[in-house]
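These notes are about the structure you will find just below.
The values are calculated or read from the model by the stated rules, or taken from the named source; none is laboratory data. Predicted model, so just to flag it, every value in this text is computed and none were measured. Cβ atoms come from the backbone with ideal geometry, glycine included; neighbour counts cover every protein chain shown. The area values use the complete protein model at the heavy-atom level, side chains included, leaving out ligands, DNA and RNA. Shrake-Rupley method; radii C 1.70, N 1.55, O 1.52, S 1.80 Å.
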Amino acid sequence: MLKVLKNLKKSLGAVIIIAILLCVQASTDLALPDYTSKIVNVGIQAGGITSAIPGVISKEDMDALLVFTDKDDEILDNYTMVSTSDGEKYETQEQHEEKMIKKYFGNDYQVQTDTIYILKDIDEEQEEVLTGIILDPLMEMTTITSEETATQIKEQLSQNVPENQKQYIQNMNLMEMIEQMPEEQREQVLAEFTKRIEEMNDSIKEQAAISSVKQVYMNAGADTDKIQNDYILQTGLQMLGIALITMVCAVTIMLLSSRVAAKLGKTLREKIFKKVTSFSNAELNEFSTASLITRSTNDVQQIQQLITLLFRVVVYAPIIGIGGFVRVLTSTDSSMAWIIGIAIVAILFIVGTLFAIAIPKFRKLQDLIDKLNEVSREILTGLPVIRAFHKEKKEEARFDVANKDLMKANLFVNKAMSMMMPLLMFIMNSIMILIVWVGGHNVDQGVMQVGDMMAFIQYTMQIVMAFLMISMISIMLPRASVSARRINEVLEAEPSIKDKKETKTFDPNKKGLVEFKNVSFRYPDADTEILEDINFTAEPGKTTAIIGSTGSGKSTVVNLIPRFYDVTGGELCIDGVNVKDVSQKDLRDIIGFVPQKGVLFSGTIESNIKYSDENMLDERMIEAAEIAQATEFINEKENKYQDPIAQGGGNVSGGQKQRLSIARAIAKDPEIFVFDDSFSALDFKTDSTLREALSTKTKNKTVIIVAQRISTILNADQIIVLEEGKMVGMGTHEELMKNNETYRQIALSQLSEEELGEKGGK
């Protein structure tokens, strides 16, 4: 897989941008639960009040507050007193004071008291010190001044006093009474409430302090509804902004990931195609055509799909998983962190079990796709033969076996994987219920706030989703790994035929000369030689024919000339140079090769004849078609040379396909013509006319013909007779008829002695 991923170098810039955006998205995603907690804890429960220090406080409350502390100066140093008149607006030149007034009282404010204290613009360190000083006195002050507490204290003070004084105590202001008390009595009266405050845990104390601040604001005439609405609106807008950033990052990441994956797919297909075109016939035989097609399409697609999601998992999931866990430990109550551990262990157990069952089948899937493609291609290619022998049922059964094998493998994998999501969703829902149950008890006991519990749920879901994402990518990974291995097998295959680092040029004095010097050849992994001691020379201006029984090695000999295979013994020279010492391009540029089976490409008649040079003059194309005897059927076409040719030449006959293949080679005008039984589909008249026209075109060219028909090679300058890979005769038709029994038997099997003598004379 890593070898395939190295091809991402071309998209390195996009990959870096994706990684940066993923970090940004993960950070914003991890920030959202905090904002949810703030809206619930602060916006709803605390009325939008964020600090235990009052931002504004009336003079009456400030005086009451100072009764419960001996640090009057430290508190007053952090506040500024602003005087007002009833019904009038504040008029202050201080920007901070004006801002604070607008914040707590609104633009059109009216204050019920003559004086008010405004908190100065202090830093975090000063705020922390002031909180420590003011927190307990503030709570004591608001607790004492509440109606319920005031009644309780008055009843306590009314005990053991005359009846006329009881009424006086009940009507008296409690704070005035406390201020007039001796310090010792005051401490005794307040001891119970002070102890109760000191026993509170931090969470409850913080909530109580916020309630105290809210009461102070209400006493000062502040608009508490505005404070709450402003906080919720501001925090909500921040959440929307963060969510917008997340959305933009997610969309951009998916866009870039898709582009990177598509580019990687394109690169891999290009490399596979380029590699395959460099293969010799030996490598093409090693990889079946169906397998090469699967590797360059389906296998590449598996990699492409993986890459589209891989970045989000490789970068995003770990950040979310680790970041969420850290946030749980630092931002919320870590006492429930064990719940996340249970979730992770359960997920890993389910995913591990399913993978152990499904992965072996993943490895078989691609091979089964290969098999199905191979069977399909073979049946479709051989359909006429199948119909001729009435074997449709047999081939349908063979296809059905391959199809069912693939279906069974897919069903097994899909069934196993389809269980994953319901099981994981069950775990997620169970974990959520567990969090609510444990968190509910913590909220009830006052050790956790509702918003913290909600944030914990969100963090837990993010962590679980990170593991889910890793699980989902792990489903694709085994199959993609198999595809990567299959792609690497093609890319790492070394062509058995390749150019030397330093190549030679052809000898211009030996132009068109083809020399076989003790040539022998065996196919890769074959036990015996296919060709042995082949010795002959084909000269310019002369026609060399090769004939022999089926399997004698005729096509193998001519396949060595353009170096489709390399000789395994001896030496093959063209233009005086060993073919192994020149570049394949230079070698094939001087050869016009017509294969045994005519091959045409989708396009037009013109594009097929001009295949060697698309800028070829039309006159040269027409001349080649005339020599190949193709103009007869071309002129009958509606669009002449612009008439379309279907893929593989499926819309022309075998003879027409062969003539167009011959015309393509003639139009190239090479030094050497090689015809590998290329006249077999032509009738005798067309064959004779074509060879006669060809002889004028190839006066100074080297012509090598492989033929089955004696009539095609009767007038060749030399005829090579092959039998079981060995040369058993060489000479003209007349010489071989007299001296070579093998040739004589082949000739007499096709024509009578009179016909042979008559044709030979001609």
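Apolar share of the accessible surface for the stretch 426-476: 75 percent from carbon plus sulfur atoms, 1.4 Å probe. When nucleic acids and ligands are ignored and a 1.4 Å probe is applied, Asp683 ends up with an accessible area of around 80 Å². Across the stretch 688-694, rounded Karplus estimates of 3J(HN,Hα) from the backbone phi angles (6.51 cos²θ - 1.76 cosθ + 1.60, θ = phi - 60°) give 5, 5, 5, 5, 5, 5, 5 Hz, Gly and Pro being marked x.
Remark: the Gln234-Asp525 segment gains 97.0 nm on full extension, using 0.36 nm per residue and subtracting the alpha carbon distance. Whole-Hz Karplus values for the stretch 502-510 come out as 10, 9, 9, 10, 5, 7, x, 7, 10 Hz, taken residue by residue from phi with 6.51 cos²θ - 1.76 cosθ + 1.60 and θ = phi - 60°; glycine and proline positions read x. Modelled this way, with points 7 Å down the Cα-to-C-beta line, the labels at Phe412 and Thr330 are 4.8 nm from one another. Close amide H pairs (under 5 Å, H built 1.01 Å from N) link Ser678 with Val706, residues at least 5 positions away or on another chain.
Residue-wise HN-Hα couplings along the stretch 642-652, as the Karplus relation 6.51 cos²θ - 1.76 cosθ + 1.60 with θ = phi - 60° gives them from phi, are 8, 5, x, 10, 6, 4, x, x, x, 9, 10 Hz; Gly and Pro carry x. Residues whose amide H comes within less than 5 Å of that of Gly603, counting only those at least five positions distant or on another chain, are Ile645 (H built at 1.01 Å from N in the peptide plane). Taking one quarter of the surface of the C-alpha convex hull of the stretch 635-756 gives a mean projected area of 9.4 nm². Can you list residues whose amide H is under 5 Å from Leu714's amide H, if they're 5+ apart or on another chain and H is modeled 1.01 Å from N? Answer set, sorted by chain and number: none. Distance between the C-alpha centers of the stretch 255-311 and the stretch 622-673? Whole Å please. Their Cα centres are 34 Å away from one another. Set Lys and Arg Cβ to +1 and Asp and Glu Cβ to -1, take the dipole of the stretch 407-502 about its Cα centre, and tell me which of Ser471, Phe426, Ala484 lies farthest positive. Of Ser471, Phe426, Ala484, it is Ala484.
Only protein atoms count toward the accessible area here, which uses a 1.4 Å probe; on the stretch 595-647, the carbon and sulfur part of that area reaches 45 percent. At 1.4 Å probe size, what's the solvent-accessible area of Glu128? Round to the nearest 10 Å². The accessible area comes out at roughly 140 Å². Do you know the relative contact order of the stretch 389-537, to the nearest whole percent, from alpha carbon pairs under 8 angstrom that are 6+ apart? Result for the stretch 389-537 is 11 percent.
Counting only other residues whose beta carbon sits under 10 Å from that of Glu286, what net charge do I get with K and R as +1, D and E as -1? Please list the in-between numbers first.
Details: positive: none; negative: Glu283, Glu489, Asp525.
Here the count lands on -3.
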